[in-house]
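The values are calculated or read from the model by the stated rules, or taken from the named source; none is laboratory data. Small disclaimer: the values here were computed from a predicted structure and weren't measured. Methodologically, a virtual Cβ is constructed for each residue, glycine included, from the backbone with ideal geometry; neighbour enumeration extends over all protein chains shown.
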Amino acid sequence: MKIFKLVLTLSVVCLISGLSLSYFYTRTKPVIIRNNSDREIKLKQEIIKDAIEFKKIDFVSLNYYVEESKNASGDVVGLLIKNRIKGYGGDLEYLVGITLDQEPKIINIKILSHRETPGLGAKVTTSDFLSQFVSRIATELYLKKDSKEGKIDSITGATITSRAITNSVREVMQNKELYDYIKSVQKKFESAVSVVEEKKVIKKVVPENTSDNISQ
Amino acid sequence: MKNIINKSIETFLAGLKENPVLVMLIGLCPVLACSTTANDALGMGIAATFVLVCSNILVSAIRKIIPSEIRIPIFIVIIATFTTIVDYTMKAYLPKLSESLGVFVPLIVVNCIILARAESFAYRNNIFLSFIDGLGMGFGFTIAIVCVALVRQFLGAGNIFNSAKLISNPILIMILPPGAFLVLGCLVALVKYIENKVKQNQPKVISNLPSSCESCAKKSFCVIKIEN
């Protein structure tokens, strides 16, 4: 008889616990989802400043999520890539925006979610680390300690995390299919503007040179 | 009434005197793991205190109907429920803190301070005292973890809470895992040292006792009883 009493007590306790948890779950779930999507939209707009519209592009072989971002006048200003990689503590998800140049440059990069050690690997979210990526081309994306061409300082005490992100961003930018896509967009873009550009040739040469000088 | 107040103050101070982390050396996992920055440590301390207080109150409230054979599973279910509630709430309203504490919020379930207090205090005492005990122990835990974090963050990262860098060349090892052990060890040693000093300085009353209690002037408030 005693065993029934024990089973009954434990079941009742678990039932009450389950009910109260489901109540809290339904109360907090929409807030959590809203938080995440708010953050993602905010991050996207921080990465590509003029972009107001994001359109998903489907690739056959790519396992990451690519979006085309358009500004107010409908021009494509960059590609936004969301990728999930293995960090040190678990999955790490980042968003990177790249330009549609002949040699794509990074516009900006942000970390969406991570499971790195607080105080060490968790520093990947700081601008100290991420600002190093801005306007780099693919071949510069190595850690300084891994390659001479590398321009990225790893985070002290979190080399594995830094290396994972740097290498993964480089692989994304060197991806064949993505590169072909960028080229095709460029061709479309060039053929569309070539008619208009003929008149502006003389004007455009001067600012282009100055901007090149600055970046060099 | 006075008795209750005295007893509750005593219970609360026990959390500091018998500090779970620095004296009893239990619940060390979150102390070692979540003490790289003082902000995380404070968040962890408050979350653990909340779970501790709630589970103490509930265990104490239903202690008469919990059969002693299955008390441990019931404690765990209660603690897990409150921990999950804290986890959801933190994710919804403090997403930044929840992100930096990561897996250690759900791990409050296996924090042995909470189970130990449910088993050794809340299961045997009334609701009010259990509440005070939870507060005291949680406060002691929070103080200990924040102390470790302050030292580690100052020496290892060179700042305190969200301040700017105060020292230019921080000692990196202090925010790496070994630093947690070093700081915790030093803090425990410091607490032991102070404890010993206090014991030495206590006046020895036993040496010149009066012959009987009746003739003693301090008999109204004395705790020593002389049996003839």
Note to self: Test of understanding: among A:27, A:39, which residue is under 23 Å from residue B:93 (Cα atoms) and over 17 Å from the mean Cα position of the chain (by Cα)?
What the structure shows: A:27
Notebook entry, point to check: farther than 29 Å from residue B:39 by Cβ and part of a helix (DSSP H, G or I), is that true of residue B:75?
Noted result: yes
Item checked: Matching entry among B:76, B:114, B:70 (being modelled with pLDDT of 90 or more and over 23 Å from the mean Cα position of the chain (by Cα)) -> B:70
Next item on the list: Being of a type in the set (A, V, I, L, M, F, W, C) and touching a Cys at 6+ places or on another chain (Cβ under 8 Å) is the filter; apply it to the stretch B:19-54 and report the residue that is surrounded by the fewest Cβ atoms within 10 Å (Cβ to Cβ).
Entry: B:26
Next item on the list: Check the stretch A:105-127 and report whether any residue there is farther than 30 Å from residue B:32 by Cα, of a type in the set (D, E, K, R) and either surrounded by fewer than 21 Cβ atoms within 10 Å (Cβ to Cβ) or modelled with pLDDT under 80 (or both).
Entry: yes
Next item on the list: Could you check how many residues of the stretch A:115-140 are touching a residue at least 40 places away in the same chain (Cβ under 8 Å), within 13 Å of residue A:162 (Cβ to Cβ) and within 15 Å of the chain's Cα centre (by Cα)?
Entry: 1
Margin query: Step by step: first the residues of the stretch A:1-56, then only those that are touching a residue at least 12 places away in the same chain (Cβ under 8 Å) and in a helix (DSSP H, G or I), then the one that is farthest from the other protein chains (Cβ to nearest Cβ). Which residue is that?
Written below: A:47
Next item on the list: Only one of these is closer than 30 Å to residue B:187 by Cα, among the aromatic types (Phe, Trp, Tyr), within 14 Å of chain A (Cβ to nearest Cβ) and out of contact with any Leu (no Cβ under 6 Å at 6 or more places or on another chain): B:104, B:131, B:121, B:141. Name it.
Entry: B:104
Next item on the list: Could you tell me which residue of the stretch B:155-181 is modelled with the lowest pLDDT, considering only residues that are more than 10 Å from chain A (Cβ to nearest Cβ), part of a helix (DSSP H, G or I) and surrounded by fewer than 18 Cβ atoms within 10 Å (Cβ to Cβ)?
Entry: B:178
Next item on the list: Collect the residues in the stretch A:111-154 that are touching a Phe, Trp or Tyr at 6+ places or on another chain (Cβ under 9 Å), of a type outside the set (Ser, Thr, Tyr) and part of a loop (DSSP other than H, G, I, E, B), keeping them in residue-number order.
Entry: A:114, A:115, A:116, A:118, A:120, A:141, A:148, A:149, A:150, A:151, A:153
